[in-house]
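Written out below as structure tokens is the structure these notes cover.
The values are calculated or read from the model by the stated rules, or taken from the named source; none is laboratory data. These numbers were taken from a predicted model, which means no experiment stands behind them. Neighbour counts run over all protein chains shown; Cβ positions are idealised from the backbone, glycine included.
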Amino acid sequence: MVKEIERKLPVVHVCTIVPISLTVGANRIVPAIAIPHPLGDPTKTPEEEKAIRRHLVEKALKALQTAVTEQTVFTD
Amino acid sequence: MAYRIVHYINQFYAGIGGEEKADVGPEVREGVVGPGAALKAAFGADAEIVATVVCGDTYFASNMDKAGAEVLEMIKKYKPDGFIAGPAFNAGRYGTACGGMCEVVSKQLGIPVVSGMYPENPGVDLYKKSAWIIETGDSAASMRKAAPVMAKFLLKLLRGEEIGSPADEGYIERGLRKNVFYDKLASDRCVDMFVAKLKGVPFETEYKMPVFDRVPPQPPIKDMKNAVIALVTSGGICPKGNPDHIESSSASKYCEYDITGVNDLTSVTFCTAHGGYDATYADADADRVLPVDVMRDMEKEGVFKKLYNKFYATVGNGTSVANARRFGAEIAAKLADAGVNGVILTST
């Protein structure tokens, strides 16, 4: 899906298993937290969890504003 | 003397449990467990499964290096002559774990390794260069057919017998090239192929070119403050009760949901249709998969102009590549027509 979307629009893939995203061919990748809760962490308080999610979304938006020429994983 | 084999399987085939147990760490059991019985039957007296290592799929996929090292230590103790993993059919995390273990064992112990997967399993593209992967069907229904092929092929490797072509042996092409002598000159063979092509008759190339299926990156968003951003997910987020019946695996469709006025996804309003991960956390708070709450906050703060008022969701669990491609193309066309400038796609 990510590749077909990339044909029309810039897209960032926020996902947990980065090697699969790289194999599939996503160009902008933001590593997520865990498979059942990629943008959350139920072991934290709701406030901490939302802060984690905010941080990931900020990274995703930064990735969308970054020019890339090849597959790029956006870490901290 | 029989060859000593160690078998790798996941928590499901070991009878520990389904997705709710997918985060269990590795353990080792003496002898045959679950699908090992079918392999044992095929090995006969030639090889013996001395131990079975079991690991949860989520545990492995989330800590690949650590889990690989832990499982390797368990395997080493049994001094195996060969290693067999799966078959994983079309289970993505399981295939990734099987392929990852084959790679580690092959590199560290230098023994023959075999797995079995459906060609669309993501583990195939990740590991076909490191391991022999026997082609299987997409579900455990093909176990009876797959197990003997895997077992016989491993015996062949153990005995150092010559390995034939993918079509002859049943493994998935690894991109290996092999020099072969023909009686017929290359020029003759080339003309034969050309004539066959003109006639529309099937022929087989001797020098397959790799297929690079890549899409060039789009230019970045220049003016985020005026951008419309859309959310898309393969994590199966949908209104509570899954009104459109998105399938929990092998999804045949994606759905479009209006989130006008929705500032937060709650356990009362949204859930996941996904059957390939433990749904507890997404059902309790779907923002953990589709971050609507945070996107609304940022929209209000003016970080970007607008969160597009519809999101698109499907279940990425054994979904065929053909369907995923179609979903992606249709979603992209709709988003582009709606004036969306960029997309965040989340996957579990």
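Name every residue in the stretch B:69-96 that is over 17 Å from the mean Cα position of the chain (by Cα) and either within 13 Å of chain A (Cβ to nearest Cβ) or of a type in the set (D, E, K, R) (or both), in order of residue number. Correct list: B:GLU70, B:GLU73, B:LYS76, B:LYS77, B:LYS79, B:ASP81. From the list A:VAL68, A:VAL73, A:VAL24, the lone residue that is more than 26 Å from B:ASP264 (Cα to Cα), without any contact (Cβ under 8 Å) to a residue 24 or more places away in the chain and either of a type outside the set (Gly, Ala, Ser) or out of contact with any strand residue (DSSP E or B) (no Cβ under 8 Å at 6 or more places or on another chain) (or both) is A:VAL24.
Here is a yes/no grid of residues against (1) touching a residue at least 12 places away in the same chain (Cβ under 8 Å); (2) more than 10 Å from chain A (Cβ to nearest Cβ); (3) closer than 29 Å to B:ASN90 by Cβ:
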{"position": "B:PHE270", "(1), (2), (3)": "yes, yes, yes"}
{"position": "B:ALA282", "(1), (2), (3)": "yes, no, yes"}
{"position": "B:GLU299", "(1), (2), (3)": "no, yes, no"}
{"position": "B:GLY302", "(1), (2), (3)": "yes, yes, no"}
{"position": "B:THR314", "(1), (2), (3)": "yes, no, yes"}
{"position": "B:SER320", "(1), (2), (3)": "yes, yes, yes"}
{"position": "B:THR348", "(1), (2), (3)": "yes, no, yes"}
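Do you know which of the residues in the stretch A:34-63 that are over 10 Å from the mean Cα position of the chain (by Cα) and touching a residue at least 12 places away in the same chain (Cβ under 8 Å) is nearest to the other protein chains (Cβ to nearest Cβ)? So, considering only residues that are over 10 Å from the mean Cα position of the chain (by Cα) and touching a residue at least 12 places away in the same chain (Cβ under 8 Å), the one nearest to the other protein chains (Cβ to nearest Cβ) is A:GLY40.
Within the stretch B:217-245, being more than 14 Å from every other protein chain (Cβ to nearest Cβ) and part of a loop (DSSP other than H, G, I, E, B) holds for B:LYS240, B:GLY241, B:ASN242, B:PRO243, B:ASP244, B:HIS245. Residue count for the stretch A:1-31 under the criterion of being in a loop (DSSP other than H, G, I, E, B) and within 7 Å of chain B (Cβ to nearest Cβ): the result is 9. Looking only at the stretch B:170-189, residues that are at negative phi, surrounded by 12 or more Cβ atoms within 10 Å (Cβ to Cβ) and not acidic (Asp, Glu) come to 4 in all.
Under 20 Å from B:ILE237 (Cβ atoms), at pLDDT below 95 and not polar (S, T, N, Q): is that true of A:ILE20 in this structure? Yes: the conditions hold for A:ILE20.
Does B:ARG325 count as charged (D, E, K, R), facing another protein chain (nearest Cβ under 7 Å), under 29 Å from the mean Cα position of the chain (by Cα) and within 18 Å of A:VAL24 (Cα to Cα)? Yes, satisfied.
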